[in-house]
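Notes for the one structure printed next.
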Amino acid sequence: MVLFFTQSPIEIFLKSGQDLRKFPRRISIRAVLFAAQNRYFAATTTNISNGGVFIETRDKFKKGQIITLIIARTKITKGVMLKGRVVHLRRQGFGLKFISLLKNGKEYKLGL
C-alpha cells in the first residue's frame, strides 16, 4: 500500500504548531558584530537558543558559510566569540548554528 500526501511532513508539523528544533528559541533582540567574507558586519538578533541564533540583516550570505560573532550584552566574558555555520536563509536574514566558542586564542568545539 502506498500513501500519497498533498503536503510535506514539514508543512504538516508547521501547521500543527509544533517546533521541530532541538533547542527551544526565545526572543532576543541584541546587537551583534560579526565577521565573514573578510569583512565586518553589524546586525540584530531576533531569537536565540543554546544551538543557534537568527540574525536579521539585509546583507547576503550563503548556506554553509562560517561566521564569527560577538553578541552584545551577554554574560559571556570579554574576549569570547562564537563561531557558527549559516544553516538557513530568509529574506530578512539567516539562521546560524553555533559550532564553537573562541576564547584567548583557543577554539572549543560545541557538541550540540
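Rule-based calculations on the coordinates, nothing more; no lab input. In this text, all values refer to a predicted model and were calculated from it rather than measured experimentally. Note: ideal-geometry Cβ built from the backbone for every residue, glycine included; neighbour counts use all protein chains shown.
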Could you please find all residues in the stretch 52-69 being in contact (Cβ under 8 Å) with a residue 40 or more places away in the chain, touching a Leu at 6+ places or on another chain (Cβ under 7 Å) and not β-branched (Val, Ile, Thr)? 52
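In the stretch 26-97, which strands (runs of 3 or more DSSP E) lie fully inside it and hold 1 or more residues that are touching an Asp or Glu at 6+ places or on another chain (Cβ under 6 Å)? Write out each step before concluding.
Numbers: elements: 31-36, 39-48, 52-56, 66-71, 80-90.
Those strands (runs of 3 or more DSSP E) span 39-48.
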